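J.: Got a structure here, written out as structure tokens. Questions coming.
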Amino acid sequence: MFNSSVLLLRYYLKFNGIFYYENIDIIKEAYYLEIIEDGQSWIELLFDIKNIEQIKADNKEEELLHNIVNKYAKCFSDLNIFMEKKYEKLWY
């Protein structure tokens, strides 16, 4: 879900003439443009995904699951709401 969301952000930025290729840069720009509300949680999610093997080795899966349910899910929900509003403006 994370990769799809960042890809959506990348295409949205590209559609608006802004070109970034690294996930961290895409997240920072999306936050700067107020596309996403909680840039810090997106960055933390990015690092959690990159460090998933270390999380498993340290037996911190429960902490990751807690973050997914209580913090990261809201990131995706907020992005969905933003994109729905943009879609409505385009077509209605």
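J.: With +1 on the Cβ of every Lys and Arg and -1 on the Cβ of every Asp and Glu, and nothing else charged, how large is the dipole of the chain about its Cα centre, in debye rounded to the nearest 20?
T.: I would put it at about 380 debye.
J.: Mind jotting down the distance between the C-alpha centroids of region 34-83 and region 11-25, whole Å?
T.: 20 Å
J.: Modelled label-to-label distance, HIS66 and ILE24, 7 Å Cα→beta-carbon offset: nm?
T.: With each label point 7 Å from Cα toward Cβ, the separation is 2.6 nm.
J.: In deg cm²/dmol and to the nearest 500, what is the mean residue ellipticity at 222 nm of the chain if only DSSP H runs of at least 4 residues count, each as -39500 (n - 2.57), divided by the residue total? Show your work: numbers first, answer last.
T.: On the way: 6 runs with 68 residues, N = 92.
That comes out to -22500 deg cm²/dmol.
J.: Among all stretches of the chain without exposed GluC sites (Glu not before Pro) (DSSP loop, at most 16 other Cβ atoms within 10 Å), which one is longest? Let's see the in-between values first.
T.: Details: sites that count: GLU22, GLU34, GLU37.
With GluC sites (Glu not before Pro) excluded where exposed in loops, the chain gives 38-92 as its longest stretch.
J.: With everything on Cα atoms, drop me the angle between helix 39-50 and the longest principal axis of the chain, reported from 0 to 90° to the nearest 10.
T.: Value to nearest ten degrees: 50.
J.: While we're here: What per residue convex hull volume, in Å³, comes out for the chain when only alpha-carbon positions are used?
T.: 88 Å³
J.: Just to be sure I understand: with springs between alpha-carbon atoms less than 10 Å apart, which residue in ILE43, ILE27, ILE18 has the highest mean-square fluctuation in the Gaussian network model of the chain?
T.: ILE18
J.: Relative to the longest principal axis of the C-alpha atoms of the chain, give the angle of the C-alpha long axis of helix 23-32, reported between 0 and 90° and rounded to the nearest 10°.
T.: Rounded to the nearest ten degrees, it is 50.
Values quoted throughout were computed directly from the atomic coordinates according to the rules given, and no laboratory measurement underlies them. Remember, predicted model here, so these are calculated numbers, not experimental data. We place every Cβ from the backbone using ideal geometry, glycine too, and count neighbours over all the protein chains shown.
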